[in-house]
Amino acid sequence: QVQLVESGGGLVQAGGSLRLSCAASGSIFSRTTMGWYRQAPGKQRELVAAITSAIRTNYADSVKGRFTISRDNAKNTVYLQMNSLQPEDTAVYYCKMDYGFVHLWGQGTQVTVSS
């Protein structure tokens, strides 16, 4: 059974950086599309960035130029490098795995950006 475990969240001042990691168990990781989503209080969950098995990426307009998604298939891990963080980036960040009919979510990690 595949599981996703996020790490790397925390409290950072505006302008700072964090790197989130999402480690996956199982053997299908290299064939999956991995995404990072976030949900702020009172708001809907939104896509932040995604990366396909062919290493194609896409980003929400609000994070383009500041966030970078990457993956290491040898480590079954996807990363989200977040630079120039702003208070509006405060949210719970979730990773998601998509592979055919498989859609899995991690438990989430809190990112708080203070002004």
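The values are calculated or read from the model by the stated rules, or taken from the named source; none is laboratory data. Not measured: the values here are computed from a predicted model. Virtual Cβ from ideal backbone geometry, glycine too; neighbours counted across all protein chains shown. For the accessible areas, the whole protein counts, side chains as well, though only heavy atoms, and no ligand, DNA or RNA atoms are used. Shrake-Rupley method; radii C 1.70, N 1.55, O 1.52, S 1.80 Å.
Only sites in a loop by DSSP and with at most 13 other Cβ atoms within 10 Å count here; which trypsin sites (Lys or Arg not before Pro) in the range 25-115 make the cut?
Numbers: sites: 31, 38, 43, 45, 56, 64, 66, 71, 75, 96; in loops: 43, 45, 56, 64, 66.
Hits after loop and neighbour filter: 43, 56, 64.
How large is the dipole of the range 8-115 about the Cα centre if only Lys and Arg carry +1 and Asp and Glu carry -1, each at its Cβ, rounded to the nearest 20 debye? Don't skip to the end; give the middle numbers.
Numbers: 11 positive and 6 negative charges, 37 e Å.
I would put it at about 180 debye.
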**Study point:** Distance between modelled label sites at residue 105 and residue 81, nm, 7 Å Cα→Cβ extension
**Key:** 2.9 nm
Check your understanding: Normalised by the residues of the chain, what does the relative contact order come to in percent, with Cα pairs under 8 Å and at least six apart?
Key -> 36 percent
Study note, to complete from the structure: Karplus-derived 3J(HN,Hα) from phi for the range 7-22 (6.51 cos²θ - 1.76 cosθ + 1.60, θ = phi - 60°), whole Hz, x at Gly and Pro, runs 7, x, x, x, 9, 9, 7, 3, x, x, 9, 9, 10, 8, 10, 9
Check your understanding: Given 20 °C and 1.002 mPa s, how large is the Stokes-Einstein diffusion coefficient of the range 50-108 in µm²/s, with Rh as the Kirkwood radius over Cα pairs?
Key -> 166 µm²/s
Check your understanding: Counting only protein heavy atoms and using a 1.4 Å probe, what share of the accessible area of the chain belongs to carbon plus sulfur, as a whole percent?
Key -> 49 percent
Check your understanding: In sequence order, what are the phi-derived ³J(HN,Hα) couplings for the range 68-82 according to the Karplus relation 6.51 cos²θ - 1.76 cosθ + 1.60 with θ = phi - 60°, rounded to whole Hz, with x for glycine and proline?
Key -> 9, 9, 8, 9, 10, 5, 5, 9, 6, 9, 10, 10, 9, 8, 10
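Tell me the chymotrypsin sites (Phe, Trp or Tyr not before Pro) within the range 69-115 that lie in a loop according to DSSP and have at most 15 other beta-carbon atoms within 10 Å.
Working: sites: 79, 93, 94, 99, 101, 105; in loops: 101.
Those that pass, being in a loop and sparsely packed, are 101.
Return the ratio Rg/(2.2 N^0.38 Å) for the chain, where Rg is computed over Cα atoms only. Don't skip to the end; give the middle numbers.
On the way: Rg = 13.4 Å, N = 115, 2.2 N^0.38 = 13.4 Å.
Here the answer is 1.00, to two decimals.
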Review point. Which far-off residues, 5 or more places away or on another chain, put their amide H under 5 Å from the one on residue 10, with H placed in the peptide plane?
Key: 111, 112
